[in-house]
Amino acid sequence: MSLAVTNARQVVAFDGDGPLTSADLERVEIGEGISITCEDEHVSHMGAPEAADVEFDARGCSAVPGFVDPHTHVPFFGWRGDEDAARLAGKSYEDLHRSEGGIFRSARLLAQAADAEVLDFSAELARSMLTSGTTSFETKSGYGLAVDDELRQLRLAVELAAESPQRVVHTCLAAHAVPKGWSAGDWVEEAAELLLPRAARHHLASACDLYVESIAFAPQHAARLASAAAPLGLRMRVHADQLSDTGMAERAAELGFASADHLNHT
């Protein structure tokens, strides 16, 4: 299947081959009066119009590369906007977490919602993202806090992706918060021995993630999950240095992680 986008007022493209970082992202090429031809989901030609199976008339519009959101927590259910207000009023993220808000609150909301409710709620978010230009995004689990519940969230993510026009990749956020009744180390062992193998076996994720922070997990837990993820073909990601400098960003680089996110204190 081929697609031709014609008559766009402007076509904006990055100058260079990706992935681009830093100042490279500031170099763009802006073309006028040119068309874009796509073959099998790849841009095959930019210039004079070419015949295609489908033609889209973009008259009066600008064509820009789609946005990629590599850190969403969909699928989830329910909002915590009041917690944002509380933080603006001086309450810390740690205070909310220790009072069973934050991640724990999202886990309760997800557990109380039916699958159909979660999918309807999350599909609306995906549609909203698309209208704002996000054509690829990552889903995460992490609101299950138990093996079966984490797998449920991962299955819902796969179902969401099947109904979404965007490209979607899935991450098993195996260690987001320490579940009630568990130590951090014991939960990491549970995730390494049971959760990750099942997620990989059923093709529910292509990556593993964890949250390293004083209120969550430690760098040694990241190394343990990495050792479990590698033979399963799962890449590693980490929430690092959000509330303090834990040294996890540097450790992630040493361990060859695919990404480190947040980095407020790196």
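Think of a 1.4 Å ball rolled over the protein heavy atoms: segment 1-91 then has 69 Å² of accessible area per residue.
Per-atom-type breakdown for the chain gives carbon and sulfur 52% of the accessible area (1.4 Å probe, protein chains only). Sorting D82, D24 by solvent-accessible area of protein heavy atoms yields D82, D24, largest first, with a 1.4 Å probe. Give the range of the longest stretch in the chain that excludes all trypsin sites (Lys or Arg not before Pro) found in loop regions by DSSP and having at most 11 other beta-carbon atoms within 10 Å. The longest uninterrupted stretch comes out as 28-179. By the Cα gyration tensor, segment 32-85 has an equivalent ellipsoid whose semi-axes, rounded to whole angstrom, run 38, 14, 10 from largest to smallest. If you take all other residues with their beta carbon under 15 Å from the beta carbon of G47, and give Lys and Arg +1 and Asp and Glu -1, the sum is -4. Rounded to the nearest 500, the 222 nm mean residue ellipticity of the chain from helices alone is -10000 deg cm²/dmol, with -39,500 (n - 2.57) taken per DSSP H run of at least 4 residues.
Put W79, W182 in order of accessible area, highest first, and with a 1.4 Å probe you get W79, W182.
Within the assembled protein chains, the solvent-accessible surface assigned to Y93 is about 40 Å², based on a 1.4 Å probe. Accessible area of D84 (1.4 Å probe, protein heavy atoms only, ligands and nucleic acids ignored): about 90 Å².
If eta is 1.306 mPa s and T is 10 °C, what Stokes-Einstein diffusion coefficient results for segment 152-209, Kirkwood Rh from Cα pairs, in µm²/s? Roughly 129 µm²/s, to the nearest whole number. Sorted largest first, the spans of the alpha carbon positions of the chain along the three principal axes are 64, 45, 41 Å. Within a Cβ distance under 13 Å of A184, other residues only, what is the Lys/Arg minus Asp/Glu net charge? With Lys, Arg at +1 and Asp, Glu at -1, the net is -2. Evaluated at q = 0.17 Å⁻¹, the base-10 log of the normalised Debye intensity for segment 1-50, with identical point scatterers placed on the Cα atoms, takes the values -0.57.
Each of D241, D95 has its accessible area taken with a 1.4 Å probe; listed largest first, they run D95, D241. Per-residue surface analysis assigns V64 an accessible area of about 90 Å², computed on protein heavy atoms at 1.4 Å probe radius. A simple count of charges around L204, restricted to other residues whose Cβ falls under 9 Å of its Cβ and scoring Lys, Arg +1 and Asp, Glu -1, yields +3. With all protein chains kept in place, the per residue accessible area of segment 150-244 amounts to 39 square angstrom at a probe of 1.4 angstrom. Of all DSSP-defined beta bridges confined to the chain, some 35% are antiparallel rather than parallel. Our summary of shape: the Cα atoms of segment 121-234 have principal axis extents of 42, 28, 22 Å, ordered from largest down, in whole angstrom. Fully extending the segment from V43 to T21 would add 5.8 nm, taking 0.36 nm per residue of separation and subtracting the current Cα-Cα distance.
The values are calculated or read from the model by the stated rules, or taken from the named source; none is laboratory data. As the structure is a prediction and not an experimental result, all values here were calculated from the model. For neighbour counting, all protein chains shown are included, and Cβ atoms are generated from backbone atoms with ideal geometry for every residue, glycine included. Surface accessibility is based on the protein's heavy atoms, side chains included, excluding ligands, DNA and RNA. Shrake-Rupley method; radii C 1.70, N 1.55, O 1.52, S 1.80 Å.
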